[in-house]
Structure formats: C-alpha cells, structure tokens
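Please read the structure below before turning to the comments.
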Ligand SMILES: [Zn+2]
C-alpha cells in the first residue's frame, strides 16, 4: 500500500507583499498578479491530474467568486482568514467570517485554516467554529520571525484540531517552504523533499500564486522575487514529476486528514 502523501498548498491571497517593503500596490494590480499565477498553477495541476489545497482570504474570494467556485470543483478551498494586508488589523472573528464567505461561494464545507504570515493566533476557537485542521505552524527557526523548534514536525492533535505542520527536513529541520523552493537548485530541493517524504511519510509544501506571475519589477528583495513567472512554473513542474516518480500520492489536506 502506498502511504506517502504530498500536499501542495497555495495561499491564494492579495499580492500585498511589496507593502511589507514600503511599496504600495493598487487593488487591481494585487488581483491581476495573483490571477496570472493562479491560472498557470491550475493548468499545471490539470496537466498532472493532481489535486491541491488553496488557502483563500475571504476578501480575495468575495472579489473573485467565479474563480473560487471553479477551483473548488477540482481542488480544496480552505480559509486564509479575511484579509492579508497588515493594514487590516486581524480580529478573531475574521476567521469565522472567511469560512462563511468561502462556504457561501463553494457550497462546500470549509474545514481547514492557515493564518496569514503564519502569525500566532488563538487556535482554540477553530474546532468550535467547525474547522478540522490547521496548518499555521512551520516547526523551525526563522531568525526575526519565529522559533518553533519545540513543535512537532509530524501531524498532531491539539485543541480538538489536527495540526498539519509545514514540512521541515529530518535532523536539522530545514524548512521546505516557498523561499527554499525558490532559492535552492531544484535538484537539491527535490532531494530534501524525497528524504523528508521517506522519513515523515508526508510533505506539506506551501507557495503563493503571485510567485508564479512576473514580479521582477516590484521593490522586493531578490530572494523573494526571483525566479518568478514561467521559470518558477517549470521548476514546480519538475518537482511534481520528481515526486510522482517516488510514487507519492498528491492529496488535498482534507483527504490527508482522513488517512490519519
Ligand atoms: Zn498568506
């Protein structure tokens, strides 16, 4: 029996990251950049006939309901709270509001949550609000952001909720998050994924659709914005091919929860 699972997850959100670096991006550009990357990702997933999970902000969904509805017919839609921008102060009730919006659009139950920027929040409310899993923990040490080395790198239950941690390698807990995928040569990144998959039997990888649009012109550090666009789509294509050769099964987070 094949028991190696890969979860590709995409944080489907406004392209607001330049605002963290002092550059204002118009609302329409925030939408267009994300849309370009999303369309490319959907084609890539279709090409390999694999399913993925899109953690979507309520705000993005409200502004793009047809897109969200159509994604939900093949993939899983989960919540990425209501707003992404740091200029919208987060309130706990945003989580519930985003669930209501996403369920209204998809007519499906939304059971997963990921906090924008993986910021700390009160996960104890999630189970009461009908969530079944959270994926807001990157159990590693990122200087200046967080130190979560005390957290389990394997799925665990807490607050009546399944926690699906973002993947880190065995031993040194090197994070296999979007910046690693972007900045490491694909051969090395795929190797680290294979090692981790063998040891942990699952991979939880996360990316953002806007990375797969052309973002070289924005005021972002080089390690955040490059490679971008089609080059990055091709890189993800190679990773998927590599992991399919390992006989890994690509599943949505909801499907993975059912295996635990
Ligand atoms: Zn996000």
Alpha carbon centroid spacing (whole Å) that separates segment 163-194 from segment 132-150: 14
Where N is the number of residues in the chain, Cα Rg divided by 2.2 N^0.38 Å: 0.93
Most mobile of 154, 102, 63 in a GNM of the chain (Cα contacts under 10 Å): 63
Separation of alpha-carbon centers, segment 80-131 and segment 197-260, rounded to whole Å: 22
Fewest-first sequence of 223, 60 by Cβ atoms within 10 Å of each Cβ: 223, 60
The chain, relative contact order [Cα under 8 Å, separation at least 6], %: 27
Relative contact order %, segment 148-251, counting alpha carbon pairs below 8 Å whose residues are six or more apart: 23
Ranked list, fewest to most other Cβ atoms within 10 Å of each Cβ, for 129, 178, 210: 129, 178, 210
Potential lengthening between residue 122 and residue 19 on full extension [0.36 nm per residue; Cα-Cα distance subtracted]: 34.5 nm
Full-extension gain in nm, residue 49 to residue 246, via 0.36 nm per residue minus C-alpha separation: 69.3 nm
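Read the figures in this text as sums done on the coordinates, not as results from a lab. Given the structure is predicted, the values throughout are model-derived calculations rather than measurements. For neighbour counting, all protein chains shown are included, and Cβ atoms are generated from backbone atoms with ideal geometry for every residue, glycine included.
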